[in-house]
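Before any comments, here is the structure.
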Amino acid sequence: MKRAVSLLTALMILVAASRPVQASTPAITAQIFGIELCPQFICGAAIFTGVLAGQVGNNPYAFGTFTVAITHEELPQVAGQQADLTGGVFEIRVGWRRFRGDVSSGTLTKNANNSFTVQAVLTIQRGGSGDMNFLGTLDHTVFPPTISGFIYQ
């Protein structure tokens, strides 16, 4: 009986301590467009900045800026190959509000035309909480390279 109570207690602690991935609070759904300021091989991280427009919390017409510094494995050279995002940080500014956090995970997939499909999970740590997804295109056919895509729940 003592053993059953101990196992049950341990299970309850484990369940209470774990939490599922949660959508961000506030909810952020936006389109982004930006440029690459510095590649990883020069700055130690690929640094991007740009604008975003969409819904932030209750504001369906939010307009703001973003900055992100991402580290990644060596860029793939063959279409269809992937490289993992290995870390990074971001900041989103909308009016007086700031949302900061980490790039938790993601991939870069080489496309046939010297562009990359970027998928990432962004975890808000200040100004809100939870996770957002990013899906976009990094275009190396232009200079400076551009990034465009969507942040969504």
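No value in this document is a laboratory result; all are computed from the given coordinates. Predicted model, so just to flag it, every value in this text is computed and none were measured. We place every Cβ from the backbone using ideal geometry, glycine too, and count neighbours over all the protein chains shown.
May I ask you to verify whether residue 141 is touching a residue at least 12 places away in the same chain (Cβ under 8 Å), part of a strand (DSSP E or B) and either surrounded by 17 or more Cβ atoms within 10 Å (Cβ to Cβ) or hydroxyl-bearing (Ser, Thr, Tyr) (or both)? Answer is no for this residue.
Give 69, 53 a once-over and let me know the one that is free of Cβ contacts under 8 Å to residues at least 60 places away in the same chain, in contact with a helix residue (DSSP H, G or I) (Cβ under 9 Å, 6 or more places away or on another chain), on the phi < 0 side of the Ramachandran plot and assigned to a strand (DSSP E or B). Selected residue: 69, the only one of 69, 53 that is free of Cβ contacts under 8 Å to residues at least 60 places away in the same chain, in contact with a helix residue (DSSP H, G or I) (Cβ under 9 Å, 6 or more places away or on another chain), on the phi < 0 side of the Ramachandran plot and assigned to a strand (DSSP E or B).
Results for (1) in contact with a helix residue (DSSP H, G or I) (Cβ under 6 Å, 6 or more places away or on another chain); (2) within 15 Å of residue 151 (Cα to Cα); (3) surrounded by 15 or more Cβ atoms within 10 Å (Cβ to Cβ), shown as yes or no for each residue.
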{"site": "98", "(1), (2), (3)": "no, no, no"}
{"site": "115", "(1), (2), (3)": "no, no, yes"}
{"site": "119", "(1), (2), (3)": "no, yes, yes"}
{"site": "132", "(1), (2), (3)": "no, yes, yes"}
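Consider the stretch 56-75 and keep the residues that are surrounded by 17 or more Cβ atoms within 10 Å (Cβ to Cβ) and not aliphatic (A, V, I, L, M). The one that is nearest to the chain's Cα centre (by Cα) is 66.
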